[in-house]
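The values are calculated or read from the model by the stated rules, or taken from the named source; none is laboratory data. In this text, all values refer to a predicted model and were calculated from it rather than measured experimentally. Here the Cβ positions follow ideal geometry from the backbone for every residue, glycine too, while neighbour counts run over all protein chains shown.
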Amino acid sequence: MSEALRSLAPATQQADARRQAQLLRALSYIGLFTLAFIVLIPFFWMLSTSFKPARGIFVMPPQWIPNPFILDHYVTIWQKTHLARGLVNSTFIALSTTVGEIATSTLAGFAFARMRFPAKGPLFGLLLMTMMIPGIVTLIPTFILFGELDWIDTFNPVILPYLLGTPFALFLSRQFFSGLPRELEDAAKVDGASFFQIYRHVFMPQARPLVATLFVLGYLHRWNDFLAPLIYLRSPEIQTVSVMLARLVDFYVQDWSVLMAGAMIALLPILIIFVVLQRFIIESVAFSGLKG
Amino acid sequence: MIRLRPRLSQASNTRREALWAWLFILPVTAGFLLFVLGPMLASLALSFTKWDLLSPAEWAGTTNWHSIFSVSVVHTPQARDEASGELLFQCGRHRNVPASELADWQQRNDERSGEPFDCRPGYPRDREVLPERFGVVSEVTLFGNRWLLGARDHVLWIALFNTVYMLLAVPIGMALALAVAIVLNQQLRGRNLLRAVFYLPNVLPIAATSVIWLWIFNPEFGILNHLLGSMGLPANGRWLSHQGTVKPSLMIMGIWSALGFQMLIYLAALQAVPAQLYEAAVIDGAGLWNRFRFVTWPSLSPTTFFLLVTGMIFGFQSFAQPYIMTRGGPGNASRTVVMEIWKNGFADLEMGYASAQAWLLGVIILLITVANFRLARRWVFYEHEQHV
């Protein structure tokens, strides 16, 4: 009798464990999907408001599905504000700074990783220190400098500093190039290639994942920049979409449908990029986070 | 002679390599000198001047720094009548109610609210006890004693307090992110979709999400109060328009926006935890909690450290979100240090003073970061250290 029970025990225990695991899994699904829904509510709310007539937004309880469903606010945004121009400006700034940043940072990262030269260690340490220094400390003298150059209200102040590379991109590039095998440049050196040729034709073709990561992260970062564009870009013709949207809050006070249509337009390009490159962006962020 | 040649060319090779390398790092170094080191030192120099950009800069000595650090704590006991020595109370708007008349007053109704008078110990007016031109940063009242923290630039210190207060969102968000990452780190269907959804708020422009949340927090027609009401919870929150709730409200949005990033980094780190560690723990009979406590948490400690440090550096420089959503209000309740620097520098053109404030913030961030690194030695566990 007791022996029969004992042989049964493992089976019930296993069944218990399986049931427990199933329960845990079910709870995980419920919890995660609920949280995902909560995270998305702001977007549903934005979309819903942006398609409602002005009176509809003050109806209680709120309607999630707008009835009537109108596009007027998007037309208003398109015709009465410069938001479309802002999209072009943001794209231009994000693209040019990112491309420039990649060129200069990978070049320097290559030198720090694969070349020998005096003062290499201290120089790299000094450059890395900039990562620790909060950008805010340099804000005011930089403003004065650009003022002296008569560059306020031009693109220069928001583009030029990034063109000369960022410590983050430099750090990531050096890490990446240090990890590549030594044979790569040896063969090229025997063939008498110059250092720039080695960088350009041997290392850069290997660096696709690095370049892609830097591109995605740089682009998103630049697109979201707020303080510098706010300070430097004064006329609507050159403002970024983010700064313009912030200005709209003062013009369209309480006109929430128009503001939500504006927010939608401001985030749409990034949303599209994210949906298309989602997997890749997520991997880039995780990759850079682990390195950092 | 023949032997010398390769040596010579080797020396020139070394020199050529160094020249090329310096050429390669030239742009980055120039950027560092022009846009970081130079401005940093200039900023320090500026902090000793008074300059509105319109007239020439004037040397101001330590005036700016003196103003910033003009801080004092004033202790005041409950006010007494000078003649009779009786303790004084304040009933509604009426100051200087002597203790002997207190019972009378408590019987009467306030002419403003129509409710019985609310009487409490009276204290001298702030400006009577604080040094000249000082404002109140904060006050504590305990057992008939009041302590006032006053400062010449009280707005700056309030902003610093707000900024530090709102940093609490970092560990809270990280705890939530870790929980989500652990749950998500199973073989689940729809895992990539969920991961993308959680991460989405983090990639979108902060200006756009701030405008959306401005509308969510709207006390009358916003969706937040409506949702709370439909769940039977109190639905009369004033969120961004009340001094007591504005900071938590901004923190809620901050957590929403950072959650995905923190989760992603945790998730990547979780996938790197060696499976043998868990197997060993199971063999030792460790339950879910003990596996978390003794395997997951120590393995993730470098990640926790990274998120904490970057989150704090980022949080100290918070600007766009409060600028768009509250402009620092109501009162000064959501003003951050960077908003203060921005206002002094670019609205009031006090370049010297704003530079001093910026340096103060820079030094605070640096000190906190260094302290974090020091503390990290006690709790951060790096796997490779075992082998050393």
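Observations, loosely collected:
- Every test in (1) at pLDDT below 90; (2) closer than 28 Å to B:Val363 by Cβ is passed by A:Gly179 save one, and that test is (2).
- Residues of region B:40-75 satisfying the condition of being more than 9 Å from every other protein chain (Cβ to nearest Cβ) and touching an Asp or Glu at 6+ places or on another chain (Cβ under 8 Å): B:Thr49, B:Lys50, B:Asp52, B:Ser67, B:Ile68, B:Ser70
- Selected residue (criterion: modelled with the lowest pLDDT) from residues of region B:230-248 that are part of a loop (DSSP other than H, G, I, E, B) and crowded, with 16+ Cβ neighbours inside 10 Å: B:Gly237
- Single match in A:Phe176, A:Phe195, A:Phe215 (criterion: more than 25 Å from the chain's Cα centre (by Cα) and touching a residue at least 40 places away in the same chain (Cβ under 8 Å)): A:Phe195
- Consider region A:143-158 and keep the residues that are surrounded by 19 or more Cβ atoms within 10 Å (Cβ to Cβ) and more than 8 Å from chain B (Cβ to nearest Cβ). The one that is nearest to the chain's Cα centre (by Cα) is A:Val158.
- Looking only at region A:117-131, and only at residues there that are in contact (Cβ under 8 Å) with a residue 24 or more places away in the chain and facing chain B (nearest Cβ under 7 Å), the one that is farthest from B:Pro56 (Cα to Cα): A:Leu127
- Meeting the requirement of 3 or more residues that are crowded, with 20+ Cβ neighbours inside 10 Å, the helices (runs of 4 or more DSSP H) wholly within region B:280-371 are B:297-316, B:320-325, B:337-342.
- Unique match (being within 12 Å of chain A (Cβ to nearest Cβ), out of contact with any Gly (no Cβ under 6 Å at 6 or more places or on another chain) and not aromatic (Phe, Trp, Tyr)) among B:Val180, B:Val155: B:Val180
- Among the residues of region B:264-275, at least one is out of contact with any Leu (no Cβ under 8 Å at 6 or more places or on another chain), touching a residue at least 40 places away in the same chain (Cβ under 8 Å), hydrophobic (A, V, I, L, M, F, W, C) and surrounded by 19 or more Cβ atoms within 10 Å (Cβ to Cβ).
- Residues that are modelled with pLDDT of 85 or more and surrounded by 14 or more Cβ atoms within 10 Å (Cβ to Cβ), drawn from region A:54-76: A:His73, A:Tyr74, A:Thr76
Yes or no, residue by residue, for (1) touching a residue at least 40 places away in the same chain (Cβ under 8 Å); (2) crowded, with 24+ Cβ neighbours inside 10 Å; (3) at positive phi:
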| residue | (1), (2), (3) |
| --- | --- |
| A:Thr104 | yes, yes, no |
| A:Phe110 | yes, yes, no |
| A:Met115 | yes, no, no |
| A:Ile133 | no, no, no |
| A:Ile136 | no, no, no |
| A:Pro141 | no, no, no |
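- Failed item, numbered, when A:Gly262 is tested on (1) buried (at least 21 other Cβ atoms within 10 Å of the Cβ); (2) under 26 Å from the mean Cα position of the chain (by Cα); (3) more than 9 Å from every other protein chain (Cβ to nearest Cβ): (3)
- Every condition in (1) at pLDDT 90 or above; (2) closer than 26 Å to A:Pro66 by Cα is met by A:Trp256 except one, and the failing one is (1).
- Test: residue in region B:20-36 that is under 16 Å from B:Ala356 (Cα atoms), at the interface with another protein chain (Cβ under 10 Å from one of its Cβ atoms) and among the small types (Gly, Ala, Ser): no
- Cross-chain or 6+ apart pairs with Cβ under 7 Å, region A:253-267 first and within 13 Å of A:Leu83 (Cβ to Cβ), then of a type in the set (Gly, Ala, Ser) and modelled with pLDDT of 90 or more: A:Ala263/B:Ala208; A:Ala266/A:Ser242; A:Ala266/B:Ala207; A:Ala266/B:Ala208; A:Leu267/B:Ala208
- Flag: B:Arg374 matches the condition of being free of Cβ contacts under 8 Å to residues at least 12 places away in the same chain and of a type in the set (D, E, K, R).
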